[in-house]
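Q: Can you read through this structure? Questions will come right after.
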Amino acid sequence: MDTNETPQAGRRGRGRPPGRQSSALREMILDIAEERFAFQGYAATSLREIAEQADVNPAMVHYYFGSKRDLLRQVLERSFEPLGQALADLAAEDHVPPATVSRVLSRAVRQHPKLPLLVVREVMLPGGVMQKEFLETMAPRLGGALPGIVAREQAQLRMSPELDPGIVSLLLLALSVFPFIVRGVAEPALGIRYDKAGLQSLEEHVLRLLNEGLTT
């Protein structure tokens, strides 16, 4: 088990850093864990590897996060909690065009671009280590809000009532998240840029598609 890994001395020592240093170290560990879990997978990543990359004692990772599963949970919650709040705020507004929802989703993903691949690995695929917990505790705060937003727009005749709210929600998620899942192919094969200007262009294309469609 992860909690049985033998601590080794790190250059930062065993003590907990004070104040801002402690907060910065915690965020750095979360960043490293997010990248490792996304590209290596949960099973292939050890707390020892994460600690070594952070240049800390493995015991310090245990101190901050507990087990490896707890660390993965906090990696996900770090992104999902503010996104869930943003969607809740949208649900409280009188009018929420689909483009507004897409903008909120895409900007959340841009803050953590490795997260979609991590979610595919450990949530979406069969046997994902966080699939059950995600469906029970995280999904209702995220995707659960989207069909309600769509249904309200339909009730107020701002969106076609013939559309299925669940399918519309799925398509909004796909437009916002899928480009980050396929980055390894989209960059060389389609010439999609993932620098700041490229991501801005991607967002503008999605918004134009939602607002105007593909026709001239």
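Q: With everything on Cα atoms, drop me the angle between helix 68-91 and the longest principal axis of the chain, reported from 0 to 90° to the nearest 10.
A: Computed tilt is about 30 degrees.
Q: Next question. Among Leu76, Leu190, Leu172, determine the one that fluctuates most according to a GNM of the chain built with springs between C-alpha atoms less than 10 Å apart.
A: Leu190
Q: I would also like to ask the following. I'm checking a number: the convex hull volume of the Cα atoms of segment 90-136, normalised per residue, in Å³. What is it?
A: In segment 90-136, the Cα hull volume divided by residue count equals 97 Å³.
Q: A further question follows. Whole percent per 5 Å bin, from 0 to the bin with the longest distance: what is P(r) over all C-alpha pairs of segment 76-212?
A: So the P(r) values, bin by bin, are 2, 9, 18, 23, 20, 14, 10, 3, 0.
Q: With each pseudo-label sitting 7 Å past Cα toward Cβ, what's the Ser46-Glu27 distance in nm, one decimal?
A: A separation of 3.0 nm, rounded to one decimal place.
Q: Another question about this same structure. Taking 1 over the mean of 1/r across every pair of different Cα atoms in segment 111-179, what Kirkwood radius in Å do you get?
A: Averaging 1/r across every pair of different Cα atoms and inverting gives 13.4 Å.
Q: Can you pull out the GluC sites (Glu not before Pro) in segment 160-216 whose DSSP state is coil and whose Cβ has at most 16 other Cβ atoms within 10 Å?
A: Filter output for segment 160-216: Glu162.
Q: With the chain treated as a Gaussian network of Cα nodes joined by springs under 10 Å, which of Gln200, Gln21, Gln85 yields the largest mean-square fluctuation?
A: Result: Gln21 has the largest fluctuation of those listed.
Q: In segment 159-216, how does Rg compare with the Kirkwood Rh, expressed as the Rg/Rh ratio over alpha carbon atoms?
A: The Rg/Rh ratio comes out at 1.04.
Q: Taking R0 as 25 Å, what FRET efficiency do you get between Glu133 and Asp195 from their Cβ-Cβ distance, rounded to the nearest 0.05? Please list the in-between numbers first.
A: Values: r = 34 Å, r/R0 = 1.37.
Once the sixth-power term is evaluated, E becomes 0.15.
Q: Please compute the contact order of segment 76-212 in relative form: average sequence separation of alpha-carbon pairs under 8 Å and at least six residues apart, divided by the residue count, as a percent.
A: Relative CO of segment 76-212 lands at 32 percent.
Q: Counting C-alpha atoms alone, how compact is segment 38-133: give Rg to one decimal and Dmax as a whole number, in angstrom.
A: Computed over the Cα atoms of segment 38-133, radius of gyration and Dmax are 16.0, 50 Å.
Q: Another question, then. If you line up the long axis of helix 145-155 against the longest principal axis of the chain, both from Cα atoms, how many degrees apart are they, to the nearest 10?
A: 10 degrees
None of the figures in this text is laboratory data; all of them are computed from the coordinates on show. None of these values were measured; they are calculated from a predicted model. Glycine also receives a Cβ, built like all others from the backbone with ideal geometry; neighbour counts cover every protein chain displayed.
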